[in-house]
Amino acid sequence: MTTAIKLTKICKEFNQHPVLKNIDLEIKKGEIIGLLGPNGAGKSTLIKIMTGLLLPDNGEVEILEKSLLKNKHSLRKYLGIAPQELGIYPQLTIKQNLQNFGAINGLSSAQIEEKYLYVSSIFNLNDLKNKKAADLSGGQKRRLHSAIALMSHAKIIFLDEPTVGADVNSRNQIIHAIKMLSKQGMNFIYTTHYLQEMEALNAKIIFLNNGAIQATGSLEEILQIYARPSLELYFEKAIPSLKGWKKEDNHLKLTNLNSNKQCITILKELLNNPQINQTPLMNIKIIKADLESAYQTLLEKSISNEN
Ligand SMILES: Nc1ncnc2c1ncn2[C@@H]1O[C@H](COP(=O)(O)OP(=O)(O)OP(=O)(O)O)[C@@H](O)[C@H]1O
Ligand SMILES: [Mg+2]
């Protein structure tokens, strides 16, 4: 058995407005999935449907090759979820929160103790264990919220924007924890608007847009197909428009280039152009072909398809 989650023709509407349109998807065991897409794309709705928190209007959700709807009770224990909205008991300490959720999720006392030690150490919550959740900082609350998803028998973990408000160190800790746990065979379905996290996790990318999957593939495949470098120049004062370039006062931008080499060639030509080489340059940026540029390409593609 290699399939962790299979979605077939999932549809969901809110107030007669389609939010998910015929989603087909297969997630293999052990994969880290980066569910990306703009605000309102349908990511959180899809996560709620995959975890049984919300029913689809149509379509089938299979977890570990069994229908989630028909086996909700027996399958629920394999799913750990940290939704987008914080779900912690503010009056309890970190330790009490983790222990409580362990008990709710059916762990024995010995399992709670073992998981608690493990989870609090990977999310770096040990030193804060006796602090009341209400008194934690925003980033600390997020870490606790993500840690709670692991206080169970869950093998498939859903983290909906776990790093919102987390500082660089906290983010790195969360990324490190996910990498470590995925090596032990756990699945992660992860949403974020910080695209570098997807690169750090080397996640399989699912790009959801307007309720449909617009692109899917390994990070490498997505970069190969959609990522394009771009070139930006800032001048000391306004410069004339140049064909093919986006211009704003003293700023020129050229996107969708083929390679860094092409950036250099174009830059050399530009710096020899008599229309602008009299104006002093302040800054030059070559923006590499990263996931952010792939994301922009996908968004622009969807907008041009709509028009
Ligand atoms: N309970 C609800 N009732 C009505 N509309 C809803 C409900 N939940 C979500 N929606 C709508 O469904 C669409 C998708 O929302 P969803 O929360 O899934 O987006 P998202 O991709 O997670 O966005 P974000 O990046 O902002 O978290 C949005 O237009 C939202 O307004
Ligand atoms: Mg969301």
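The values are calculated or read from the model by the stated rules, or taken from the named source; none is laboratory data. Computed from a prediction, not measured in an experiment: that's the story for all the values here. Using ideal geometry, Cβ is built from the backbone for each residue, glycine included, and neighbour counts are taken over all protein chains shown.
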Among the residues of the range 52-85, which ones are within 16 Å of ligand 2 (Cβ to nearest atom) and more than 24 Å from Leu195 (Cβ to Cβ)? Leu53, Leu54
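Which members of the range 154-188 meet the condition of being over 14 Å from Ala82 (Cα atoms) and of a type in the set (D, E, K, R)? Walk me through how you get there before you give the answer.
First, pick out the residues of the range 154-188 that are over 14 Å from Ala82 (Cα atoms): 165-173, 175-177, 179-186.
Result: Asp167, Arg171, Lys179, Lys183.
Please go through the range 181-200 and give me each residue that is among the aliphatic types (A, V, I, L, M) and buried (at least 21 other Cβ atoms within 10 Å of the Cβ), ordered by number. Steps first, please.
As a first pass, look at the range 181-200 and keep what is among the aliphatic types (A, V, I, L, M): 181, 186, 189, 195, 198, 200.
Listed by number, the residues that qualify are Ile189, Met198.
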Residue check: is Leu46 part of a loop (DSSP other than H, G, I, E, B) and modelled with pLDDT of 95 or more? no
For Gly34, all conditions in the list (1) surrounded by fewer than 23 Cβ atoms within 10 Å (Cβ to Cβ); (2) farther than 10 Å from Gly211 by Cβ hold save one; what is the number of the exception? (1)
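Only residues that are hydroxyl-bearing (Ser, Thr, Tyr), in a helix (DSSP H, G or I) and touching a Leu at 6+ places or on another chain (Cβ under 9 Å): list them for the range 221-271, please.
Within the range 221-271, the subset hydroxyl-bearing (Ser, Thr, Tyr) is 226, 230, 234, 241, 255, 259, 265.
Going one step further and asking which of them are in a helix (DSSP H, G or I), we end up with 226, 265.
Passing the criteria: only Tyr226.
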Which of the residues belonging to the range 147-175 are touching a residue at least 40 places away in the same chain (Cβ under 8 Å) and more than 14 Å from the chain's Cα centre (by Cα)? Ala147, Ile148, Ala149, Leu150, Met151, Ser152, His153, Ala154, Lys155, Ile156, Ser170, Gln173
When the range 151-175 is examined, which residues are found to be in contact with a Phe, Trp or Tyr (Cβ under 8 Å, 6 or more places away or on another chain), assigned to a loop (DSSP other than H, G, I, E, B) and either on the phi > 0 side of the Ramachandran plot or more than 16 Å from ligand 1 (Cβ to nearest atom) (or both)? Met151, Ser152, His153, Ala154, Lys155
